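Visitor: Take a look at the following structure, please.
The values are calculated or read from the model by the stated rules, or taken from the named source; none is laboratory data. Predicted, not measured: the structure shown is a model, and the values here were computed from it. Glycine also receives a Cβ, built like all others from the backbone with ideal geometry; neighbour counts cover every protein chain displayed.
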């Protein structure tokens, strides 16, 4: 809401009730119909504000709110990954041999090997200014050192760490990601409201419908 600027110091609002204005303008004629319209407008405006606040406070805490918030998180990490790829002409490969990275959460210092593909992704982004700047736009509740091991992880709006994969193939020698659906491109996955990723190898536990992936945004 843009409010009119306040009068400057020393200025006087020259209205009909200002005895120093030198003007004796008559009081404006009151029109009941106009007053009713004005009051109705005020009431509608107040109700609109209340509705917006209700939506933000209550709906934002529900499943729909968390679902939409997770989409924003996924878009943010896609932006970081794109910035990294553009500047380095490479992507983060979750299948690569584990390596040492500087710890980035501030809880510990030194070098260590990240415990998850998510941690590895963040650690690799952290050394590139634009990619790191994109991740730092995430809410504090979505970029957390959940294990206290010195490495930050990206969490969805339900508080579950995302899974990052460079791509998934069920026909290669790397089998740690075979519980996920195949994908030829780098993908971020949220487990959704049930916080379970499921397992495509098990008909009972195949990918839950509530899972969200970065591919779903396109």
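Visitor: Filter region 127-146 for residues that are over 23 Å from residue 69 (Cα atoms) and either assigned to a helix (DSSP H, G or I) or touching a strand residue (DSSP E or B) at 6+ places or on another chain (Cβ under 8 Å) (or both) and give the result.
Guide: Matches in region 127-146: 127, 129.
Visitor: May I ask you to list the residues in region 178-192 that are surrounded by 20 or more Cβ atoms within 10 Å (Cβ to Cβ) and at negative phi? Please lay out each step first, then the result.
Guide: From region 178-192, those surrounded by 20 or more Cβ atoms within 10 Å (Cβ to Cβ) are 180, 186-192; that's our starting set.
Those that are surrounded by 20 or more Cβ atoms within 10 Å (Cβ to Cβ) and at negative phi: 180, 186, 187, 188, 189, 190, 191.
Visitor: Shifting gears a bit: If you check residue 151 against the conditions, is it assigned to a loop (DSSP other than H, G, I, E, B) and closer than 21 Å to residue 197 by Cβ? If you could, list the steps in order and put the result at the bottom.
Guide: On the way: assigned to a loop (DSSP other than H, G, I, E, B): yes; closer than 21 Å to residue 197 by Cβ: yes.
So residue 151 fits the description; yes.
Visitor: Quick one: count up the residues across region 105-125 that are under 19 Å from residue 163 (Cβ atoms) and either assigned to a loop (DSSP other than H, G, I, E, B) or at pLDDT below 95 (or both). Break it down into steps so the answer makes sense when it comes.
Guide: If we filter region 105-125 for residues that are under 19 Å from residue 163 (Cβ atoms), which is where we start, we get 113-125.
Okay, now just the ones that are also either assigned to a loop (DSSP other than H, G, I, E, B) or at pLDDT below 95 (or both), so 113-116.
The total comes to 4.
Visitor: Something else about it: Could you run through region 134-158 and say how many residues are within 19 Å of residue 85 (Cβ to Cβ) and surrounded by fewer than 18 Cβ atoms within 10 Å (Cβ to Cβ)? First the steps, then the outcome.
Guide: Initially, region 134-158 is screened for residues within 19 Å of residue 85 (Cβ to Cβ), giving 134-138, 154.
Adding the requirement that they be surrounded by fewer than 18 Cβ atoms within 10 Å (Cβ to Cβ) leaves 136-137.
So the answer is 2.
Visitor: Name every residue in region 159-174 that is within 21 Å of residue 105 (Cβ to Cβ), touching a helix residue (DSSP H, G or I) at 6+ places or on another chain (Cβ under 8 Å) and crowded, with 18+ Cβ neighbours inside 10 Å, in order of residue number.
Guide: Of all residues in region 159-174, those within 21 Å of residue 105 (Cβ to Cβ) come to 159-164.
If we keep only those that are touching a helix residue (DSSP H, G or I) at 6+ places or on another chain (Cβ under 8 Å) too, we end up with 159, 161-164.
Selection gives 161, 162, 163, 164.
Visitor: Taking the criterion of being in contact (Cβ under 8 Å) with a residue 40 or more places away in the chain, in a loop (DSSP other than H, G, I, E, B) and either surrounded by 18 or more Cβ atoms within 10 Å (Cβ to Cβ) or more than 23 Å from the chain's Cα centre (by Cα) (or both), would at least one residue in region 197-210 satisfy it?
Guide: First pass over region 197-210, keeping only residues in contact (Cβ under 8 Å) with a residue 40 or more places away in the chain: none.
No, region 197-210 contains no residue that is in contact (Cβ under 8 Å) with a residue 40 or more places away in the chain, in a loop (DSSP other than H, G, I, E, B) and either surrounded by 18 or more Cβ atoms within 10 Å (Cβ to Cβ) or more than 23 Å from the chain's Cα centre (by Cα) (or both).
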